[in-house]
Amino acid sequence: MEDMLIELKSRSKEQVILESVSFLFLSLLMLFGNFVTLLVMLLNRRLRTIPNMFVASLAVSDFSIGALISVPLCIPTLVSVLGWPFNDSTCQLQGYIVITLAVASVHTLALMAVNRYFRIVKPSKYRRYFTKKKTTIMILLSWFYSMCCPLPYFVGGHKMIFHASKFFCYPTIDNSAFVGFWLLLYLGIPSTIILYCYLRVFQTVRSHSNNFQRPGNPVITANVEEIKVARTLFV
């Protein structure tokens with residue numbers, strides 16, 4: 001950690017400018033892209049579908065990373081030659097927000113995958129589980145769960161520290177057992193769900209490809225559109 005901090009402080013003026021401008025450009029691009037996504041959904045009623053509710057939730061989490069973390073905190077840190085330019089409370093808050101938004105993004109991706117699984121693999125049960133009201137509840141519970149995720153770290157007496165290589169505050173990795181459990185619970189399980197759901201989706205698509213390609217059948221046409229949505233969300 002000390003070596004990384006020395007490296008951060010010893011950057012040349014040209015390197016500071018290049019890194020700061022590059023990161024600012026990427027941050028503004030992220031803010032613009034997610035803002036436009038939310039704006040288009042807000043203005044176009046036809047886009048307010050159940051799958052797009054998850055897309056909107058993902059856009060909110062990604063937009064928040066730029067608005068709350070990247071621009072106001074990471075850019076000044078990159079520009080500074082002193083390391084972390086803010087106080088310890090800001091460091092703890094940043095670490096909390098980073099973890100919350102990262103977990104929210106991953107769990108939203110998992111919910112997207114489950115949505116596509118039921119729509120294509122278990123279509124008879126789709127409308128039972130994925131109404132707008134139930135989808136809203138799923139998203140809110142996912143965000144609440146994400147907000148609770150960093151709390152055990154603080155309750156256990158740990159603090160966020162400044163990682164110079166990342167130029168933001170994040171948990172220490174001294175307690176490998178705790179970090180391993182954390183990664184399994186909040187990253188490993190959702191990732192497994194994502195892989196399983198999309199694997200089953202594309203297996204189902206392949207096994208029914210001939211039926212999906214029949215012309216003149218409105219049900220089949222709708223299924224083709226749902227498959228296109230699944231491919232887009234998977235990417």
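Worth a mention:
- Once divided by 2.2 N^0.38 Å, the Cα radius of gyration of the stretch 76-191 becomes 1.34.
- Percentage relative contact order, the chain, counting C-alpha pairs under 8 Å, at least six apart: 24
- Distant-in-sequence amide H partners of F168 (H built 1.01 Å from N, under 5 Å): H163
- The stretch 72-124: mean projected area of Cα convex hull, nm²: 5.0
- Between F144 and F35, the contour length at 0.36 nm per residue exceeds the alpha carbon distance by 37.0 nm.
- Counting only protein heavy atoms and a probe of 1.4 Å, the accessible surface of the stretch 73-192 is 72% carbon and sulfur.
- Charge-dipole axis of the stretch 1-117 as Lys and Arg at +1 and Asp and Glu at -1 on Cβ define it, positive-most pick from L93, N34, L73: N34
- Efficiency of FRET from Cβ geometry, V224 and L42, R₀ 25 Å, rounded to 0.05: 0.35
- Full extension of the segment from Q203 to L28, taken as 0.36 nm per residue of separation minus the current Cα-Cα distance, would add 59.1 nm.
- Förster radius 25 Å - calculated FRET efficiency between D88 and S165, Cβ distance, rounded to 0.05: 0.80
- For K133 and I50, the difference between the fully extended length at 0.36 nm per residue and the C-alpha to C-alpha distance is 28.9 nm.
- Here the ratio of the Cα radius of gyration of the stretch 1-155 to 2.2 N^0.38 Å is 1.29.
- Förster-model FRET efficiency, 35 Å R0, S191 and V16, C-beta, rounded to 0.05: 0.45
- Across the stretch 45-119, Cα pairs under 8 Å and at least six residues apart give a relative contact order of 52 percent.
- Debye intensity ratio I(q)/I(0), log10, the stretch 101-156, q values 0.12, 0.18 Å⁻¹ (C-alpha model): -0.35, -0.65
The values are calculated or read from the model by the stated rules, or taken from the named source; none is laboratory data. All values derive from a computational prediction rather than experimental measurement. Backbone-built Cβ (ideal geometry, glycine too); neighbour counts: all protein chains shown. Heavy atoms of the whole protein, side chains included, go into the accessibility calculation; ligands, DNA and RNA do not. Shrake-Rupley method; radii C 1.70, N 1.55, O 1.52, S 1.80 Å.
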